[in-house]
Amino acid sequence: MKKTVFILLAAILTLALLAGCGSSDADSKPAEDADDSGSAGTLTLNVYNWGEYISDGSEGSFDTIREFEAWYEENYGQPIHVNYDTYASNEDMYNKLSIGAVSYDVVIPSDYMIERMISEDMLLPLDFDNIPNYANIDDSFHGLYYDPDDVYSVPYTYGVVGVIYDANVVDEADAGSWDLLWNEKYAGQMLQFNNPRDAFGTAMYRADIDVNTTDRSQWDAALADLLVQRPLVKSYVMDEIYNMMESGEAAIGTYYAGDYFTMLDNQADNVDLRFYYPERTNYFVDAMCVPSSCQHKDLAEIFINYMLSEEPAIANAEYIWYASPNHAVYENEDYIDEMGEDAMAILYPDWGDFAAKYNAYAYRNLDSDLLDYINTLWETLKIN
């Protein structure tokens, strides 16, 4: 599922990091480089994204990375190779970048992590002259809390966290709220997020606790609920949820709305997956950014602009089943027909005032001391 094509030897990494974006020449035009095979004159772009989060050419789908390489060479007259690597959580991505082990040109974090990375000077301001397709982004996704002046990020997808369950195992009367994940009737059938922010979020939304509270006693209360849940949990997962829910190995999981449709497409004959949004849950936006350690900023911005153009934007939205903030996607009649009424109703419901709900339920960056405390609580949960 995950590719590791960008795990290089330490000596090579050290040399690569010396050529970072601090050079004005590197910012003004893409530098010539060599691809992994060493052929001279080939540019290299390093992209770091969530797993299962781009149309990849499988089953006849649009191959975004290969199509970009072909498009770039046709339009700029120079070959380019994209190293594409994946991560399972915002925290995994942050940890890898923060220790300086590798350098990426494009990353796609979630809102609260973007806020944190901006505060720690881990992202570069974007040159929107290189991203004219930014005009495709709906106005309601401008000026969001994590990047209020629209300097560092370009929205890629958005959505809401919900609960997925197998109707062949779970009684309909038990579904509808977060309580399902604490129902002892389904012990050993549940999957929980394998990252602290989302896992604690399920307990805090359930208890109507502000997920951005700085009151440590409320985080302690959430831990207490997760410890109650712990014996019922089959596994703490991220991308592993796909196979486990599709195969019927587990019957209940909480995950991002778009991923439900991927599971639905691949569910076994004896599995009947359903989905619902609890009353209080996480509203999120994932956005494309350029890390401060990047090697080719202009190339990164050209890639981001390409991702906002109609064909790849629609292909990616269709493939990953996430809601898109891009006019070229959600106003396209072929896209609407392809997704179908049921999917459109889940992905693009009548939010009312989306910004109000987003502001109420989105994760925010927390200070380092509190994050350390939450990580300690998380370790307590995982070792029990």
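Observations
- Cα long-axis angle, helix 216-229 against the chain (0 to 90 degrees, to the nearest 10): 70 degrees
- Mean separation of Cα contacts under 8 Å (6+ apart) over length of the range 209-311, as relative contact order %: 15 percent
- In terms of its C-alpha gyration tensor, the range 36-109 has an oblate overall shape, because the principal axis ratio a/c (a ≥ b ≥ c, square roots of the eigenvalues) is not below 1.5 and a/b does not outweigh b/c.
- Summarising the label geometry, the points placed 7 Å from Cα in the beta-carbon direction at ALA187 and GLU59 lie 3.7 nm from one another.
- Judged by the ratio a/c of the largest to the smallest principal axis of the C-alpha gyration tensor, the range 266-384 counts as oblate, that ratio being 1.5 or greater while a/b is no larger than b/c.
- Summed over all non-identical Cα pairs, the Kirkwood treatment of the range 191-336 gives a radius of 18.0 Å.
- Relative contact order, percent, the chain [alpha-carbon distance under 8 Å, six or more residues apart]: 26 percent
- Under 12 Å from LYS357, Cα to Cα: aspartates and glutamates that are on another chain or at least 8 residues apart: GLU279
- Maximal additional length on extending the ARG66-ASP121 stretch stands at 16.7 nm, based on 0.36 nm per residue less the C-alpha distance.
- Protection proxy ranking of 195-205, 53-63, 231-241, by the mean of other Cβ atoms within 10 Å over each peptide's residues and highest first, is 195-205, 231-241, 53-63.
- Per-residue extension of 0.36 nm, minus the Cα-Cα distance of GLU311 and ASP139, leaves a gain of 59.8 nm for this segment.
- Structure-based [θ]222 nm, the chain - -39500 (n - 2.57) summed over DSSP H runs of at least 4, per residue, nearest 500: -11500 deg cm²/dmol
- Under 5 Å between amide hydrogens, built in the peptide plane, is the criterion, and for ASP63 it picks out GLY57 among residues at least 5 positions away or on other chains.
- Residue list for the range 172-205, given a label point 7 angstrom along the Cα-to-Cβ vector of ASN243 and an amide N cut-off under 17 Å: 191-192, 194
- The 3J(HN,Hα) values that the Karplus relation (6.51, -1.76, 1.60; θ = phi - 60°) gives for the range 285-298 are, in residue order, 10, 9, 9, 7, 9, 10, x, 5, 8, 5, 9, 9, 5, 4 Hz. Gly and Pro appear as x.
- Computed from the Cβ-Cβ distance with R0 of 25 Å, the FRET efficiency linking LEU371 to ARG230 stands at 0.70.
- Here the mean projected area of the convex hull built on the C-alpha positions of the chain is 19.2 nm².
- Beta bridges from DSSP with both residues in the chain: antiparallel share about 60 percent, rounded to the nearest 5.
- The range 166-250: relative contact order in percent, alpha carbon pairs under 8 Å with at least 6 residues between: 42 percent
- In order along the range 189-200, the phi-based Karplus estimate (6.51 cos²θ - 1.76 cosθ + 1.60, θ = phi - 60°) of 3J(HN,Hα) comes to 10, 9, 10, 10, 4, 9, 8, x, 5, 6, 5, 4 Hz; Gly and Pro are listed as x.
Only the coordinates and a few stated rules stand behind these numbers; no lab work does. Predicted model, so just to flag it, every value in this text is computed and none were measured. All Cβ positions, glycine included, derive from the backbone under ideal geometry; neighbour counts span all protein chains shown.
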